[in-house]
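Engineer: I am attaching a structure below and will ask some questions about it afterwards.
Nothing in this text is a laboratory measurement; each read-out follows from the coordinates by a stated rule. Just so you know, these numbers come straight off a predicted model, no measurement behind them. Note that each Cβ is placed from the backbone with ideal geometry, even for glycine, and that neighbours are counted across all protein chains shown.
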Amino acid sequence: MYQDINQQLDEAQQKMFRRDKLSAMLSELRGQQKEAIQRETELKNTLEKEMRDVDQLEAKSMTHLFYSVLGKLGEQVEKEQREALAAKLKYDQTVKEAEQLTQQIQQLEEEFVQYRDSQETYERLFAMKKEHMLNSHSATGEQILMLTEELGRAKNNQSEIDEAIQAGEAVCNHIDSALNSLESAEGWGTWDLLGGGLVSDLMKHSHIDDAKGEADEIQQKLSQFRAELADVRIQNDIHFETDGFGKFADFFFDGLIADWCMQSRIAESKDSFENVRSQVNSVLAKLINMKSMERDRIEGILKRINDMIINA
């Protein structure tokens, strides 16, 4: 009897859910974009300062003369160059992050326009069906209608939780790859300390480069993970600790560039990745628990609907 309008209602509800998801994701991504632009400005200033420090030491300045007299000019120049390189890497990474966020926001804004009227359409169809059911003097029919709407929300929430879980697992996969690269670099670094020579040094740096590439990828995946979390409808008082996600690469770059040869720096970089993985796993555990609760909720609603139909 209501097959056509049920199909229209379902389609309208899915569009409405998609619109709500896009709205939440856009809000989160715009916040990330604002932070990235602010950090980009700060890092640009830092980079310019570090470059001035290098230029000052390399020029015939009083600073140049001071370190020359002390016999430590080469050491100080190398230190300033390392700091400038670290600043350049962090600045480039932040510029890339800001560009990716701008692109994501533009794509989602274009999609959002398609669902602008979805809620009005859904409410109109829902009111139409409700009126038909009330006119048929069926109290059971109205209860089923309300439960069907609740069922749609529960199924959508379960879908959003699944997408957030997938995004979090993607982060962990890239962290595992980065840790493998750093462990390989650590192994070659040990061999290098034992006199491994040029080959071991080249292999160590190759694995460090791989880890740096994974760090860039992890930043992007973390951004997507945070955006997915923005639309998860939390049924309980669960707080996700994601504030520290966005800055972990700074510690990675600082630790990596401070001294290419020191094994302790590679270990510190591993700690940075493992810390983020621990946070992500903590959030994933909560999401998996929420998914189980949502599944039980769906089963309960379906049972109530079936019981009403059987007993009507």
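Engineer: In whole Hz and in residue order, list the ³J(HN,Hα) couplings for segment 221-232 that follow from phi through the Karplus curve 6.51 cos²θ - 1.76 cosθ + 1.60, θ = phi - 60°; x for Gly and Pro.
Structural biologist: Working through the residues one at a time gives 5, 5, 4, 5, 4, 4, 5, 5, 5, 4, 9, 6 Hz.
Engineer: What distance in nm lies between label points placed 7 Å from Cα along the C-beta direction at R116 and E150?
Structural biologist: That separation, rounded to one decimal, is 3.5 nm.
Engineer: Also, I was wondering about something else. Hey, which of these cross-link pairs are over 28 Å Cα-Cα: K221/K303; K34/K212; K270/K291?
Structural biologist: K221/K303; K270/K291, as the Cα separations exceed 28 Å there.
Engineer: What is the sum of charges around V113, taking Lys and Arg as +1, Asp and Glu as -1, for the other residues whose C-beta is under 14 Å from the C-beta of V113?
Structural biologist: Cβ neighbours under 14 Å give a net charge of 0.
Engineer: Using 1/(1 + (r/R0)^6) with R0 = 51 angstrom and r between the beta carbons of E123 and D92, what's the FRET efficiency to the nearest 0.05?
Structural biologist: Efficiency, rounded to the nearest 0.05: 0.60.
Engineer: Could you list T94, T148, T41 in order of exposure, starting from the residue whose Cβ has the fewest other Cβ atoms within 10 Å?
Structural biologist: T41, T148, T94
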